[in-house]
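I have placed the structure first, in the form of C-alpha cells, so that the comments after it can refer back to it.
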Amino acid sequence: MIDSVYIAWRYLVFNKARSATLVACVSLIAVLPFTLDVLLNESERQLLSRAETTPLLVGAKGSALDLVMNSLYLDDQVPELVSMQVNDEVSESGLANPIPLYVRFHARGFPIVGTTLDYFDFRGLQVREGRSLALLGECVLGSAVAESLGLKPGDRLLSSPETVFDLAGIYPLNMNVVGVLEPSHSADDVAVFVDVKTAWVIEGLVHGHQDLLKVRDPTLIMERNDQNVTATAKLTQYTEIDEQNIGSFHFHGEPQAYPLTAVIALPADAKSATILRGRYVSAEKTTQIVEPNEVIDGLLRNIFRVKSIIDSVIVVVGLAALLALVLVFALSLRLRQRELNTVFRLGCSRYTIVRLLGAEIAIILIISAALVAAVAGVVSHYDEQLVRLFLVN
Amino acid sequence: MIQIESLRFQYPSGDFHLGIADFKVASGEKVAVIGPSGSGKTTMLNLIAGILIPETGDVTVDGIHVNALSDAKRRDFRITNVGFVFQDFELLDYLSVLDNILHPYRITGALRLTDEIRSRAIALAEGLGLGDKLNRNITQLSQGEKQRAAICRALMARPKVILADEATGNLDPRNKGHILDALFESVEAHGASLVAVTHDHDLLPRFDRVIDFQDFRAEVGA
Amino acid sequence: MAGTAIGDANHNRGCTVRHGLRRVLAAALLLFMACSAVAADKLVVFTVNHPLAYFAQRIGGDEVDVHFPAPEGIDPAFWMPDVSEIIAYQQADLVLLNGARYAKWVDKVSLPQLKLVNTSTAFQDQYLRGDAGTTHSHGPVGEHSHGGVAFTTWLDFSQAAQQAKAIAEALARKRPELAAEFQRRFALLESDLLALDSEMQSIGQRARGKPLLASHPVYQYLQRRYDLNLRSLMWEPDVVPGRSSWQGLQVLLREHPAQRMLWEAEPVSETAQRLTSLGISTVIFSPCANVPDDGDFLTVMRRNLEALSSILGPDG
C-alpha cells in the first residue's frame, strides 16, 4: 500500500513554518488577481449604477471628476462652490428639476449631505426608522452611519468643525437624529442627510441668537448706533435647534447667494437635457454641466488601464513566486537525500520520493485553494463595503 | 538460508574491491561478523540485501538468486524478505515512532498496511519497551530508543534474513542484551538467518558462529 | 397612496370573481375602480395662507383637495406648524407659497423643493423692501438686517391675479389633461379679482391725498397700487395702546392729520372710542390671511372695499 499523502502530510505538519509560508505564498498569488478583479467589478458597478442614474450635474468650473466624486460618492474633496442661484437657474429654465447638494461638512467622520427632500425621492431612499427631515437642525442617517455610531432617532449628532484651525466661528451644530434610512448599498448609506438650510446653519450663514434690540447685557454689545448694532464675541449663537429657539433662526442676505457644491439636474427629456447642456457651453460661465456617466466612463477607462498594468505585474510576480517554489522543492529534495537513500535501502524505488513531493505539492495547493476560496467568499460577500472603504471614502 | 559463491565486487569508483569465495548461513543460524573498519563487512551486508550487485558470483537467499532479479523485483524482495538494521538507524525525523515502524508499509505496493499489521507493530514496540513512546517524535528519543525503533521496523515484515550493522553500538550492556534478545527471538520464531556485524566482543559467545572477516574474505583491496 | 391600495385590493378581488356573476361584477368593479381612481387622483394642495387656498380651490374645483392647516385666529405669517403638520405639507402634491418671504416657518422646515410653487415670482422684482429696521453685525457674515420685504402681496389685486395665474399654471403642470378646465376657472377668478382691482382703484382716486392711518404695516401693496396716503403704526386690535403710543400718534397727526384708520380687525372699544375723540374713525380692512369667520376671501375683500368706500363718503 502506498500512502504518500499521509507521509507528505506528516512532513508538512512537522515543518509547519515552511508549509505555512508556502501556502501563504501560493494563496497570495492566487488571491491577488481574483480580489482585484472582484473589487474592480464591484467598484465599476457602484460607480456606474450611481452615475447612470444621475443624468446631469451642475457645478463650478474645474475638475469634473472632483465634482462627480463629491456629489455622487460623497468624496471628501470639496469642489469649488456655486450659489443657490444655480439651482434657481435650472428650475427657472423649465428644462430640468434641480436638486441642490451641499456636501462639505462632516459629523464624526461621515459626510453631511445638505439637500432637499427631493433627493430622497430621486434616490429612492426609504426611512426605516423614525421619520424624514421636517425641522431645521434635524438629520437623517444612512444605515451604515447609524450602525457605526450606534445612533437612533431621538439621539443627537454633533457636526465637526471644518478644520482644526477653524477660528472663523463655525460653531458645531448638535443635530437631532430623526430618522434612519433603509440600506441602499450606495454612498448614501454612509451619509448624514440634512436639509440644505441646516447645512447653512452649520456654516453659520443661517443662525439663531438673542434679539440684539432686546439685549439687556451691555457686554454683549460692541457698538450701537441708529442703523446698526454690533455684537461682541460673547453673543452666544445657539448650537442646538429646538422648539424654543427655532423662531430666532434667520437667513443672512439673499438665500440665492448661499453656497452649494453642486446641483443635480433632472431633465424632462433628452431634448431638454441637450438644450440645458448647451446653456453651459459659454466660456464666460463660471459653472459647468457634466454628465456623470461620461466622467465615470473616463475614470473607469483609466482604472482598467491601470488594472491591466497591475495584471501584468501580477503575472510576473506570480512567475517569480513559482520559480521560488520550484527552487524550494528542489532544495528540499537535496535536503532529503538521506531519506531518499533510506527509502531505497528499505526496498523501494527512488521514484517514491518524487511521489511524496507530488503529494506535498498537492496538499499545499488544496489548502491554498481552500484558503483562496474562503478569502474569495469573504471578499465577494463584503465587496460592496470593501469598495466603499477603499475607493469611495 | 543465505549462500554466497565466488563473489567479486568493486565500487564504481574502483577504490575498493571485495571477493568472497564461499559464505553460507543456515536458516535459524545466528552469525556474528567481526573485523576492523574498512574491511568490507557493510559491503557484504549490502550485497546480501541486493542493495549492491556483484560483478561476478552469486547471492542466493532461500533459493532466490538476488542479483538475477530485475531492479523492481529486487526492491520488493528486499522490503519483504530482508530486515536491515542500519548503522545510524536511518529513521525519519518527521514521523512518530509508530509511523517510522510502519513506514515500509506506506511506501511500497509489496506490503499491505492492515489493522493486524498495526497491532503487530504496537506489540513489537511494547516488547522492546517503546509502548509509551509510540506517538513521540523521533527527535525526542534517546539513542537506545532510536535503535529499538529501527529494530522494530526491520522485524515488522518477519524477514527471512536479518542483517544488523553495529546494531548494539553506543548502547549500555543491559540494552545490548535486550536488542540481541529481540533479534534472536525473531530468528527463532520465523527461522530467519541473522548476520550481525559487531565490534562487541562481549556478545560473541551468544552467537552460533563468529566470522573474523579479515581471515574469511578471499580478497580485498583499496 | 391610499387610492392605489384600494385599486390593488379591487384588482385582487377582481381576480377571485366567479364565473356566473362575472360580467355584472366586472362592470360594477370597473365603475367602482374608475370612481376611486378619480378620488385618488385628486391633487393634494397645501398653502401657507387663506388667499392662496381660496384661489387654488376656485381654480382646482373638485379636482383638488386644498388644505390650509393653520389654526383659526392666528396670523399665518408668523405661525409655526408642528411636525405632523409639516409632514402633511411634505406629502402634498403641491405646496403653494406666497413668496416675498411670507411665512417665515418655510425657511425653518424641510419641504420638497420640487413641489413648492412660489406664486409671486412673476412680480418678485417689485417686492417692497419695507423699512429695513435695525441692522446688526456678528459672526462671519457681517452686517445684516432682518427688516424685511412687505409680504401682503394679495392686497394689490392685480398681484393677487398674477398669484392665481401661477397657481393655475402649477395645477395644469400637475394635471395637463385638466389644463383647459383650470384655465376656464382661473379666468372667472381673474375677472373677480380684476373687478376688485378696478373698484379699489376708484376708491383710491376718491381717497387721493387724504391722510390715512393703518394699525399695522400690512397695507404696503394696497398703498402702492391704489396710491393711498397711508402711514402705519404698530398697534394691536386687542391691546389698548400705552401712553407713549398715543403721544406718538399725536406727533404723527401734526404732520399727517388723518381722520381714518384702517384696522386688520375690530379694535377694542376703548381704543375705538379714544380714536373717535381724536376725530379718527376706524375702518376694518382685513387682509384675510387666515380663514375668515364667515364668507371667503372674495366676500371679505368686498366687505373691506365697501367699508372703506363708505367711510370716505360719497364725494371722497
Enumerate the calculated ³J(HN,Hα) couplings along the range A:283-298 in order (Karplus 6.51 cos²θ - 1.76 cosθ + 1.60, θ = phi - 60°), each rounded to whole Hz, writing x wherever the residue is Gly or Pro. 5, 6, 4, 8, 10, 10, 10, 10, 9, x, 4, 5, 4, 5, 4, x
How would the range C:201-312 be classified by its alpha-carbon gyration tensor: rounded, prolate or oblate, with rounded meaning a/c under 1.5 and the a/b versus b/c comparison settling the rest? oblate
In peptide B:90-97, what is the residue-averaged number of other protein chain Cβ atoms found within 10 Å of each Cβ? 5
Of A:Val354, B:Val25, C:Phe285, which is farthest towards the positive pole of the protein assembly as shown's charge dipole, taken about the Cα centre with +1 and -1 on the beta-carbons of Lys, Arg and Asp, Glu respectively? B:Val25
Between A:Phe105 and residues 5 or more places away or on another chain, which pairs have amide H atoms under 5 Å apart, with H built 1.01 Å from N, and which residues are they? A:Ile112
Given charges at beta-carbon only (K, R positive; D, E negative), |dipole| of the range B:2-221 in Debye: 540 debye
Within a 10 angstrom radius of each residue's Cβ in A:96-106, how many Cβ atoms of other chains show up on average? Whole number is fine. 1
For the charge dipole of chain A, defined by +1 on Lys and Arg C-beta atoms and -1 on Asp and Glu C-beta atoms about the Cα centroid, which residue among A:Pro55, A:Leu39, A:Ala374 has the Cα displaced farthest towards the positive pole? A:Ala374
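Any idea what the dipole of chain A comes to, in debye rounded to 20, about its Cα centre with Lys/Arg Cβ at +1 and Asp/Glu Cβ at -1? Intermediate results must be reported in sequence, preceding the final value.
Working: 32 positive and 43 negative charges, 534 e Å.
Dipole magnitude for chain A comes out near 2560 debye.
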Can you give me the angle between helix B:115-127 and the longest principal axis of chain B, using Cα atoms only, in degrees from 0 to 90, rounded to the nearest 10? 80 degrees
Calc'd 3J(HN,Hα), the range A:349-355, phi into Karplus 6.51 cos²θ - 1.76 cosθ + 1.60 (θ = phi - 60°), Hz, glycine/Pro = x, comes to 5, 4, 5, 3, 5, 5, 5
Residues of type lysines that A:Lys152 reaches as a straight line, Cα spacing below 30 Å, ignoring anything fewer than 8 places off in the same chain: A:Lys197, C:Lys104, C:Lys108, C:Lys115
Rounded to whole angstrom, the alpha-carbon centroid of the range A:82-101 lies from that of the range A:174-198 at a distance of 22 Å
If the cut-off is a Cα-Cα distance under 18 Å, which lysines reach B:Lys133, setting aside same-chain residues fewer than 8 apart in sequence? B:Lys146
Rounded to a whole number, the mean other protein chain Cβ count within 10 angstrom for residues of A:350-360 is 1
Quick one: Cα centre-to-centre distance for the range B:77-152 and the range C:237-288, in angstrom? 122 Å
Antiparallel as a % of all DSSP beta bridges within the protein assembly as shown, to the nearest 5? 55 percent
Under the helix-only model (-39500 (n - 2.57) for each DSSP H run of 4 or more, divided by the residues of chain A), the mean residue ellipticity at 222 nm, to 500 deg cm²/dmol, is -16000 deg cm²/dmol
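Classify the range A:81-195 as rounded, prolate or oblate, taking a ≥ b ≥ c as the square roots of the eigenvalues of its Cα gyration tensor: rounded when a/c is under 1.5, otherwise prolate if a/b is larger than b/c and oblate if not.
Oblate, because a/c is 1.5 or more while a/b does not exceed b/c.
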Can you list the residues, at least 5 places off or on another chain, whose amide H is less than 5 Å from the amide H of B:Phe84, using H built in the peptide plane? B:Leu163
Under 5 Å between amide H atoms, partner at least 5 residues away or on a different chain: which partners does C:Leu213 have, H built in plane at 1.01 Å? C:Arg231, C:Arg260, C:Met261, C:Leu262
Fewest-first sequence of C:Tyr221, A:Tyr102 by Cβ atoms within 10 Å of each Cβ: C:Tyr221, A:Tyr102
Likely footprinting exposure, A:Tyr6, B:Tyr105, fewest C-beta neighbours within 10 Å first: A:Tyr6, B:Tyr105
Per the helix-only calculation at 222 nm, which mean residue ellipticity applies to chain B, given -39500 (n - 2.57) for every DSSP H run of n ≥ 4 and division by its residues, nearest 500 deg cm²/dmol? -11000 deg cm²/dmol
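Placing +1 at every Lys and Arg Cβ and -1 at every Asp and Glu Cβ, with all other atoms neutral, what dipole size does the range C:201-312 have around its Cα centre, in debye to the nearest 20?
On the way: 12 positive and 11 negative charges, 133 e Å.
Around 640 debye, computed over the range C:201-312.
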Any chance you could give the angle, 0 to 90 degrees and rounded to 10, that helix A:16-52 forms with the longest Cα principal axis of chain A? 30 degrees
Using a 10 Å cut-off around each Cβ, can you sort B:Met156, A:Met69 from fewest to most neighbouring Cβ atoms? B:Met156, A:Met69
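Which of the three applies to chain B, rounded, prolate or oblate, going by the alpha-carbon gyration tensor with a ≥ b ≥ c and a/c under 1.5 meaning rounded? Before the final figure, lay out each step's value.
Values: a/c = 1.77, a/b = 1.40, b/c = 1.26.
Cα axes put chain B in the prolate bin.
No value in this document is a laboratory result; all are computed from the given coordinates. Everything numeric here is computed off the predicted structure, so don't read it as measured data. Methodologically, a virtual Cβ is constructed for each residue, glycine included, from the backbone with ideal geometry; neighbour enumeration extends over all protein chains shown.
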